[in-house]
Amino acid sequence: MAEGFEAAGLYYNPNIQPSREFRRRLETLREYAAEAGLSLIEAGPYRPDEHLGATLPVWDDRASRCRTCYELRLERTAREAVARGFDAFTTTLLVSPYQLHEEVRRAGERAAAAGAGGAAVFLYRDFRPGWRETLEASREMGLYRQPYCGCLWSEVERYERARP
Ligand code: SF4
């Protein structure tokens, strides 16, 4: 938006488990969007089976699992962008220091070619320098922050590996 784009947010997260966490993040985004003046598209209904079906064969290989997850989400984003007349799409995954950044970039580029058929471009930016700012802003706004990435396996990695 700071670069002059007219932006909208898309919430498509079949990767989030369980449904209570999916709903909590959606409600947080609604709260943020209302405050920030961001129009929000909710790509429902909640279909965790879409993510489970795609990632189950590679669940224990983090790189393959996350690559599959990025592709699933960004292809849908690309299709929504074209269907709704947007010229470009991007992803908040690019702000996270915990994601496989280059894999996200490649998945976005593939989605522009495959999911959008070239009708919408993938807007790549390295948003990671803004990561700390997001922490401060969300704290100031009193917003919920996710304690793990989203899928069942990331929840296990976050809590079980931290145990003695
Ligand atoms: S860890 Fe995150 S990016 Fe990787 S598969 Fe799970 S939800 Fe997707």
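The values are calculated or read from the model by the stated rules, or taken from the named source; none is laboratory data. In this text, all values refer to a predicted model and were calculated from it rather than measured experimentally. Glycine also receives a Cβ, built like all others from the backbone with ideal geometry; neighbour counts cover every protein chain displayed. To get the accessible areas, we keep the full protein, side chains included, count just its heavy atoms, and leave off ligands, DNA and RNA. Shrake-Rupley method; radii C 1.70, N 1.55, O 1.52, S 1.80 Å.
Observations on the model:
- Computed E for ARG24/HIS101 - FRET, C-beta separation, R0 35 angstrom, nearest 0.05: 0.85
- Placed amide H near VAL121: partners under 5 Å, 5+ positions off or other chain: ALA88, PHE89
- Take every pair of alpha-carbon atoms less than 8 Å apart whose residues are at least six positions apart; their mean separation over the length of segment 8-159 yields a relative contact order of 25 percent.
- Each peptide among 66-76, 26-36 gets the average number of other Cβ atoms lying within 10 Å of its residues, and from highest to lowest they stand as 66-76, 26-36.
- Expressed as a whole percent, the accessible area of segment 17-117 that falls on carbon and sulfur atoms is 51 (1.4 Å probe).
- Under-5 Å amide H pairs with GLY9, H placed in peptide plane, nonlocal only: SER39, LEU40, ILE41
- Computed from backbone phi, the HN-Hα couplings of segment 144-152 come to 5, 10, 5, x, 8, 4, x, 7, 4 Hz, rounded to whole numbers (Karplus: 6.51 cos²θ - 1.76 cosθ + 1.60, θ = phi - 60°; Gly and Pro given as x).
- Using the 1.4 Å probe convention, the accessible area of the chain works out to 60 Å² per residue with neighbouring protein chains retained.
- Prolate/oblate/rounded label for segment 8-159 (Cα gyration tensor, a/c 1.5): rounded
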